[in-house]
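**Q** The structure that follows is given in the form of structure tokens.
The values are calculated or read from the model by the stated rules, or taken from the named source; none is laboratory data. Keep in mind that this is a model prediction, so the values were computed, not measured. So basically every Cβ, Gly included, is an ideal-geometry build from the backbone, and we count neighbours across all protein chains shown.
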């Protein structure tokens, strides 16, 4: 049997698997099956808790999208990861050093029950995002497949993001524009697409079309990327409330040389088991 926990961060839902106390090897096809909301378990991302070979960190953290692809970072997942390892008594620490494919992150469990995460420095160099553009700018005019154009900010928070400013979040064409930008040829590893409605300098509304998952209830790295892009454009203050369909995150970028900080909830839904025989049929 494969033991797992179902969790969510503001409705962005995860299956979290302890790969320390059980042997776990999953193919892309098996992950696709587990992600199926009718025949499997259902999730936006699958999170693996693994041992690390490094002496300066506590755990290794791997993230897989619902389409089976592996990605480097997930902000809401990081909060759920921290809550999981504490609740399952894998650590007694309040602040945890976690190895990811994009570097080390440091989630901290607060007395309020929320989790605060040092998300690291934002990356703007196009080739490091990666974004196929000749030189760095604050905004870029991207030509879409239908001939229309979109003004985006491009930033990596350990994974690539394109940020669009919209006038009304409820009427934003997330389903139409999101897939066009997500798979745009100038983003060689695809991209998460954020639609940002600026309420005032310290408050935005945000919807995110995530690569490999579609629109989700919340995206932690997307919230960080939107705030960073908004600050660069002169639209936002350094501390911003971000309202997503699933709830609110608090994002802080103290100055251009600092890490981006994210604070929000992480919720345990249930624990479960699924038979390997069922998974292996896929």
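**Q** Which ranges mark the strands (runs of 3 or more DSSP E) fully within the stretch 144-219 that have 2 or more residues being under 29 Å from residue 70 (Cβ atoms) and modelled with pLDDT of 95 or more?
**A** Working: elements: 149-156, 160-165, 192-200, 203-210, 214-216.
Fully inside the stretch 144-219 and qualifying: 149-156, 160-165, 192-200, 203-210.
**Q** For the structure I just gave you, tell me whether residue 137 is more than 15 Å from the chain's Cα centre (by Cα), part of a loop (DSSP other than H, G, I, E, B), modelled with pLDDT of 95 or more and not assigned by TED's automatic domain parsing to the domain that holds residue 225.
**A** On the way: more than 15 Å from the chain's Cα centre (by Cα): yes; part of a loop (DSSP other than H, G, I, E, B): yes; modelled with pLDDT of 95 or more: yes; not assigned by TED's automatic domain parsing to the domain that holds residue 225: no.
Judged against the criteria, residue 137 is not a match.
**Q** For the stretch 97-119, check the following and say yes or no: at least one residue is more than 24 Å from residue 248 (Cα to Cα), surrounded by 16 or more Cβ atoms within 10 Å (Cβ to Cβ) and assigned by TED's automatic domain parsing to the domain that holds residue 245.
**A** Within the stretch 97-119, none of the residues are more than 24 Å from residue 248 (Cα to Cα), surrounded by 16 or more Cβ atoms within 10 Å (Cβ to Cβ) and assigned by TED's automatic domain parsing to the domain that holds residue 245.
**Q** Touching a helix residue (DSSP H, G or I) at 6+ places or on another chain (Cβ under 7 Å) and at pLDDT below 90: which single residue out of 73, 45 fits that description? Step through it out loud before you land on a result.
**A** Details: 45 fails: at pLDDT below 90.
Only one candidate passes the filter, namely 73.
**Q** Continuing with the same structure: Which one is surrounded by the most Cβ atoms within 10 Å (Cβ to Cβ), of the residues in the stretch 1-57 that are in a strand (DSSP E or B) and more than 17 Å from the chain's Cα centre (by Cα)? Spell out the reasoning first.
**A** Initially, the stretch 1-57 is screened for residues in a strand (DSSP E or B), giving 2-9, 12-18, 45-50.
Checking which are more than 17 Å from the chain's Cα centre (by Cα) leaves us with 2-5, 17-18, 50.
Values: 2: 19, 3: 14, 4: 23, 5: 21, 17: 21, 18: 17, 50: 15.
Taking the candidates together, the pick is 4.
**Q** For residue 162, state whether it is more than 25 Å from residue 260 (Cα to Cα) and in contact with a helix residue (DSSP H, G or I) (Cβ under 7 Å, 6 or more places away or on another chain). Even if it seems obvious, please write down each step before you answer.
**A** On the way: more than 25 Å from residue 260 (Cα to Cα): no; in contact with a helix residue (DSSP H, G or I) (Cβ under 7 Å, 6 or more places away or on another chain): yes.
Here the answer is no, as residue 162 does not meet what is asked.
**Q** Of the residues 77, 113, only one is under 23 Å from residue 270 (Cβ atoms) and in a helix (DSSP H, G or I); which?
**A** Numbers: 113 fails: in a helix (DSSP H, G or I).
The unique qualifying residue is 77.
**Q** A further question on this structure: Given the structure, is residue 72 touching a strand residue (DSSP E or B) at 6+ places or on another chain (Cβ under 8 Å), surrounded by fewer than 19 Cβ atoms within 10 Å (Cβ to Cβ) and within 24 Å of residue 264 (Cα to Cα)? Walk me through it before giving the result.
**A** Working: touching a strand residue (DSSP E or B) at 6+ places or on another chain (Cβ under 8 Å): yes; surrounded by fewer than 19 Cβ atoms within 10 Å (Cβ to Cβ): yes; within 24 Å of residue 264 (Cα to Cα): yes.
Spelling it out, residue 72 is indeed touching a strand residue (DSSP E or B) at 6+ places or on another chain (Cβ under 8 Å), surrounded by fewer than 19 Cβ atoms within 10 Å (Cβ to Cβ) and within 24 Å of residue 264 (Cα to Cα).
**Q** Would you check which residues across the stretch 86-96 are surrounded by fewer than 18 Cβ atoms within 10 Å (Cβ to Cβ) and either under 16 Å from residue 50 (Cβ atoms) or outside the structural domain of residue 58 (by TED's automatic domain parsing) (or both) and list them? Walk me through how you get there before you give the answer.
**A** So in the stretch 86-96, the residues surrounded by fewer than 18 Cβ atoms within 10 Å (Cβ to Cβ) come out as 87-95.
Passing the criteria: 88, 90, 91.
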